Amino acid sequence: MNIHEFQGKQLFRDAGIAVPRGIVADSPRAAAAAYSELGSGLAVVKAQIHAGGRGKGTIKDSPSQHGVELVRSAEEAEKAATAMLGNPLVTVQTGPEGQTVHRVFVEEGCDIARELYLGVVVDRGCALPVLMVSTEGGMNIEEVAEETPELIFKAAFDPDRGLQPYQSRLLAQKLGLSGSSVRSADKLFRSICRLFVDLDCSLAEINPLVVTGTGELMALDAKLNFDGNALFRHPEIAALRDTSEEEPNELRATEAGLSYVQLEGNIGCLVNGAGLAMSTMDLIKLHGGEPANFLDVGGGANTEQVTEAFRILLGDKNVKAVLVNIFGGIMQCTTIANAVLESYKTVGFNVPLVVRLEGTEVEEGRKILAESDVDIITAEGLTDAAQKVVQAAL
C-alpha cells in the first residue's frame, strides 16, 4: 500500500525525523491561505499523487506547469494550485494519461546546502533490511545504480537490533559529512530504519535528503510503501489509504481477495499461482501476444471469486480473448470448471475463452467443460494454450 508525501512526513515527524513545515490544501484558495500561514517567504507547492518524478512531471494540459513549483507569494501559490488541482499530472511513473491531482502540499522553503539520497528496502540476497545512501540526491536512483553504482553505499541491519551507531557513522563518512551533520545523520538513519521495521514497510525513501545550512539533515520528500499482508497489525496505517489513487480494477480485485495488476495488452489471464501467472504472461509474449493483466486467483478461490475475476477481465474493453490456465494442487480442476460455467451464466463471455487444466481431478474437470454447451477452446499444455489464445485474439 502507498501513501501520500504529506502522510509520510507526518509519520517521519512522529518518529523524530526532521521535516519542513507544511499544510495540505484541496483548493487554490486554501493553498494561498497555507502559504500565508507558513509565512516563510519561499515555499513550494507539491502535487500529491502516488507516483514519483513529480518535479519533472508536467500537467497534461499545461506543459509548462510542473508537479512541484517554487512560489514566493500567496498569489503564486494560488496560481500553482489552480494549474494542478483537478488536472492530470504526467510523470515517468504514471504513463501518458497521468494521475489527477486532488490535493497539494504547501511546504516552507529550506536552506539547502547539499542533496543526498536515502532508501530502506529488504535485500532478499542477504535476507535483511538494508539502508542505502548516496551522494546523488534528487536523481533517479535506478539511473545512479546503473551508471555509477560506486556512489551507492549500503548497510544491512538486524530488524530486532536496528541500525547500529558504527554503521550510521561509517555511512556518514562515505557521504562526506562531518561535525554536527554526523550526529544528525546518526539520529535520522537509525530512526528511519526503526520506522521501516515497526510499520512493516516494503520501502522507505527520502529523495532528496538534504543537509541544511546549519548542518542538519532533513527529509525534503517522503515515500513509504507498506506490506499489505501486515496491515492488519496497523489499522492507523490502513486508514491512510487513498483509493482514488488506485486503479479501479486493481482495487476491485483486492476487495475480492484476488491479486490483479492492469497491463496494456489484449489477452486476459486468469491463473492460480503467481509463478504460473508470470510464466503464462511470458509465453503469451513469446508467441506474439500481449497480456492485458496479471491475475492470480490463488489456490483456494471459490466460484464467487472466479466470477468476479471474469467480470474484471471482461470489463476491460481492450481484452479480445481470455486464457484460463490452472494447475490443480490445492485447487481442484473440477472447482474451476464448474466456476467457469457458472461465470458464463452470470457474466456471459463476449470474447473467445481458452482453458488449460492440469493437476487434481483434471479428467473430471475437462469432462465437465466438454459436456457443457459453452463455446470453450481447450488446450493441452502451456505452449498450446498460449498459441491458441494469441490466435483467438487476432
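Figure legend. Inter-residue proximity from region 26-53: first residues modelled with pLDDT under 95, second residues hydroxyl-bearing (Ser, Thr, Tyr) and not in a strand (DSSP E or B), beta-carbon distance below 6 Å, spacing 6+ or different chains. Indicated pairs: Ala51/Thr91; Ala51/Thr94; Gly53/Thr91. In contact with a Phe, Trp or Tyr (Cβ under 7 Å, 6 or more places away or on another chain) and farther than 28 Å from Ser40 by Cβ: does that describe Pro159? Judged against the criteria, Pro159 is not a match.
Residues that are surrounded by 20 or more Cβ atoms within 10 Å (Cβ to Cβ) and over 24 Å from the mean Cα position of the chain (by Cα) do occur in region 44-59. In region 298-312, the qualifying residues are those that are over 16 Å from Leu341 (Cβ atoms) and under 23 Å from the mean Cα position of the chain (by Cα), and the one that is surrounded by the fewest Cβ atoms within 10 Å (Cβ to Cβ) is Gly298. Of the candidates Val24, Val101, Val92, the single residue that is under 30 Å from Leu263 (Cβ atoms), of a type in the set (A, V, I, L, M) and surrounded by fewer than 20 Cβ atoms within 10 Å (Cβ to Cβ) is Val92. One residue alone among Leu195, Leu163, Leu131 is part of a strand (DSSP E or B), of a type in the set (A, V, I, L, M) and crowded, with 18+ Cβ neighbours inside 10 Å, and that residue is Leu131. Considering Leu188, Leu224, Leu209, the condition of being in contact (Cβ under 8 Å) with a residue 60 or more places away in the chain, assigned to a strand (DSSP E or B) and under 12 Å from Leu116 (Cβ atoms) is satisfied by Leu209 alone.
Looking for whichever is outside the structural domain of Glu216 (by TED's automatic domain parsing) and within 30 Å of Arg169 (Cβ to Cβ) here; the options are Gly98, Gly125, Gly52, Gly119. Which one fits?
Gly52 is the lone residue from the list that is outside the structural domain of Glu216 (by TED's automatic domain parsing) and within 30 Å of Arg169 (Cβ to Cβ).
In this structure, does Gly86 turn out to be touching a helix residue (DSSP H, G or I) at 6+ places or on another chain (Cβ under 7 Å) and either assigned by TED's automatic domain parsing to the domain that holds Cys201 or surrounded by fewer than 17 Cβ atoms within 10 Å (Cβ to Cβ) (or both)? Answer is no for this residue.
In this entry, Val297 passes the filter for residues that are touching a helix residue (DSSP H, G or I) at 6+ places or on another chain (Cβ under 8 Å) and modelled with pLDDT under 90. Against the criterion of being touching a helix residue (DSSP H, G or I) at 6+ places or on another chain (Cβ under 7 Å), outside any loop (DSSP other than H, G, I, E, B) and surrounded by fewer than 20 Cβ atoms within 10 Å (Cβ to Cβ), Arg169 qualifies.
Taking each residue of region 368-380 that is at negative phi and looking for partners that are outside any loop (DSSP other than H, G, I, E, B) and among the aromatic types (Phe, Trp, Tyr) with beta-carbon atoms closer than 9 Å, six or more apart or interchain, yields Ser372/Tyr344; Val374/Tyr344; Ile376/Tyr344. For region 134-160, the set of residues classified as aliphatic (A, V, I, L, M) and assigned to a strand (DSSP E or B) consists of Ile152, Ala155, Ala156, listed by residue number. Identification of strands (runs of 3 or more DSSP E) wholly contained in region 2-117 with 2 or more residues that are within 25 Å of Ala239 (Cβ to Cβ) yields 22-25, 43-47, 104-108. Against the conditions (1) in contact with a Gly (Cβ under 6 Å, 6 or more places away or on another chain); (2) closer than 22 Å to Gly275 by Cβ, Val319 satisfies every one except (2).
Annotation: of all residues in region 134-158 being within 28 Å of Arg54 (Cβ to Cβ) and aliphatic (A, V, I, L, M), the one that is surrounded by the fewest Cβ atoms within 10 Å (Cβ to Cβ) is Ala145.
The values are calculated or read from the model by the stated rules, or taken from the named source; none is laboratory data. All values reported here derive from a predicted model rather than from experimental measurement. Cβ sites come from the backbone with ideal geometry, for glycine too, and all protein chains shown count toward neighbours.
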